[in-house]
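Every number here is computed from the coordinates shown, using simple stated rules; none is lab data. Note that the structure is a prediction, hence the values are computed from the model and not measured. Quick reminder, even Gly has a Cβ in these numbers, built from the backbone with ideal geometry, and neighbours come from all protein chains shown.
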Amino acid sequence: MINRGCEVHAVAPDLERGEFAVILESWGVLTHNIPMSRTGLSPRDDIVTLWSLFRLLRKVSPRKVIFYNIKPVVYGLVAAWGAGVPERYAMITGLGYAFTGQASGKRRLVQEVAKRLYRASLSKAHLVFFQNPDDESLFRELSLLKPAVRSVVVNGSGVDVHYFEQQPLPEGGFSFLMLARLLADKGVREYAQASYMIKEEFPSVEFRLAGDFDDNPDAISLEEVDKWVNDGVIEYLGRIPDVRPALEGTTVYVLPSYREGTPRTVLEAMSVGRPTITTDAPGCRETVEDGVSGFLVPVGSVDALYKKMKFFISHPDAVEKMATSARVRAVEKYDVHVVNGVVLDEMGIEDFRGEVA
């Protein structure tokens, strides 16, 4: 956006305390903070978020806005519409807790609320970006997106193939890695169960897990992770700001997620040159070419995951071949500069010197 002549503002909660503000400001981006609870369901807190966005947008008076993730999309689009922003865009990066798993109890309530909010807010959008065709189809089927609102599918958020350079496979022992927020819907338990099964046959194989604990209702508990670690099956790496060393030190990447927008960690693993085992689920199935750059397994199938892990351990030549294919796929399909170019072109950001976005 900056290179195309825009004045760019970034809005997020707690931005002043994060490293991203420093990076953004070094590029010439103007940063703003708003109060927002990522997972809370408090109407009062959400009204505060909506009002804060409305006031900020009235003050900045941008020509174009684009929002990511459910709460920014829902409240941002309404605030931008109320503030009179001429062009309003949204990026659906995944459906998360509300749309995965069995819809019962609290999850069903959250899903129904999310549907109503999406339906109301997306009617204010001029264009909605989706990161996989399944999400786009679902929104159309559920009438969350009106026929008059245009939508475009892009290849996720892309990956910087120069930052995530191809690296040789590690020598010595065999290892698997999973990077994710510690949620059941990410397939963390399936990964752990398959790891136990492999460990019985191949005790020297290493299984690593990295990611934050979460306050989501679907979260994995500390006690569960402690048991996996104490049993000598999983090495828990915690939250790692730079995932490259972990990816470079692993043989095969694993993400048995139930649903994604487009999983960034899979793109990063492929860019580094690592075969991936992921699920035949929305968002995941588009990333890996089954049998070429990795494998797709059914959602929730520990046995299928175990078998593909065992295949890689027993076929080192296939690891080498798929590693090369994974890098090629990342470069050809998911280069972040190509993805960003599509988004900017669709938003009509060509050469708006002096405009505010």
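Under a crude label model (7 Å from the Cα following the beta-carbon direction), how far is Asp45 from Arg189 in nanometres?
According to this spin-label approximation, the distance is 2.5 nm.
Rounded, prolate or oblate: which one fits the stretch 189-320, using the alpha carbon gyration tensor with axes a ≥ b ≥ c (rounded when a/c is under 1.5, else prolate when a/b beats b/c, else oblate)?
rounded
I need the trypsin sites (Lys or Arg not before Pro) found in the stretch 222-310, filtered to DSSP loop residues with at most 13 other beta carbons within 10 Å of theirs.
Arg239
Under a straight-distance cross-link criterion of Cα-Cα below 13 Å, which aspartates and glutamates are reachable from Lys310, leaving out those fewer than 8 residues away in the same chain?
Counting by Cα, and skipping residues close in sequence, Lys310 has these aspartates and glutamates nearby: Glu200, Glu201, Glu206.
Could you give the size of the charge dipole of the chain about its Cα centre, using +1 on the Cβ of each K and R and -1 on the Cβ of each D and E, expressed in debye and rounded to the nearest 20?
Dipole about the Cα centre, nearest 20: 1460 debye.
What shape does the stretch 186-255 have by the C-alpha gyration tensor, where a ≥ b ≥ c are the square roots of the eigenvalues, rounded means a/c under 1.5, and otherwise prolate means a/b greater than b/c and oblate the rest?
oblate
Looking at the chain, identify the longest residue range that excludes and avoids all chymotrypsin sites (Phe, Trp or Tyr not before Pro) in DSSP loops having at most 12 other Cβ atoms within 10 Å.
Counting at most 12 other Cβ atoms within 10 Å as exposed, the longest clean stretch of the chain is 164-357.
Among (1) 36, 23, 19; (2) 30, 27, 20; (3) 79, 23, 17, find the value of semi-axes √(5λ) of the Cα gyration tensor in Å that was calculated from the structure presented, and write down its label.
(1)
Distance cut-off 30 Å, Cα to Cα: go down the list Lys227/Lys307; Lys71/Lys308; Lys186/Lys227 and report the pairs above it.
Result: Lys71/Lys308 exceed 30 Å.
If amide H atoms are built 1.01 Å from N in the plane of the peptide, which residues on other chains or at least 5 residues away come under 5 Å of the amide H of Leu237?
The list, which skips near neighbours in sequence, is Leu209, Ala210, Gly211.
Give me the percent of DSSP beta bridges within the chain that run antiparallel, rounded to the nearest 5.
Just about 5 percent of them are antiparallel.
Among the aspartates and glutamates, select those whose C-alpha is under 18 Å from the C-alpha of Lys146, and discard any that sit fewer than 8 residues away in the same chain.
Excluding near neighbours in sequence, the set is Glu87, Glu112, Asp134, Asp135, Glu136.
Classify the stretch 1-91 as rounded, prolate or oblate, taking a ≥ b ≥ c as the square roots of the eigenvalues of its Cα gyration tensor: rounded when a/c is under 1.5, otherwise prolate if a/b is larger than b/c and oblate if not.
In terms of gyration-tensor shape, oblate.
Where does the chain land at 222 nm, in deg cm²/dmol rounded to the nearest 500, when only DSSP H runs of n ≥ 4 count, each adding -39500 (n - 2.57), divided by all residues?
-13000 deg cm²/dmol
Which whole-number percent gives the relative contact order of the chain, counting Cα pairs below 8 Å spaced six or more residues apart?
Relative contact order for the chain comes out at 19 percent.
Mean Kyte-Doolittle of at least -0.5 plus a Cα span of 24 Å or more along the axis: flag which DSSP H helices in the chain meet both, please.
Qualifying helices, which must be both long enough and hydrophobic enough, are 43-60.
What FRET efficiency, computed as 1/(1 + (r/R0)^6) with R0 = 25 Å and r the Cβ-Cβ distance, is obtained for Glu332 and Ile2, rounded to the nearest 0.05?
Here the calculated transfer efficiency is 0.40.
Between Ser137 and Val342, what is the label-point separation in nm under the 7 Å Cα-to-beta-carbon projection?
About 1.7 nm separates the two model spin labels.
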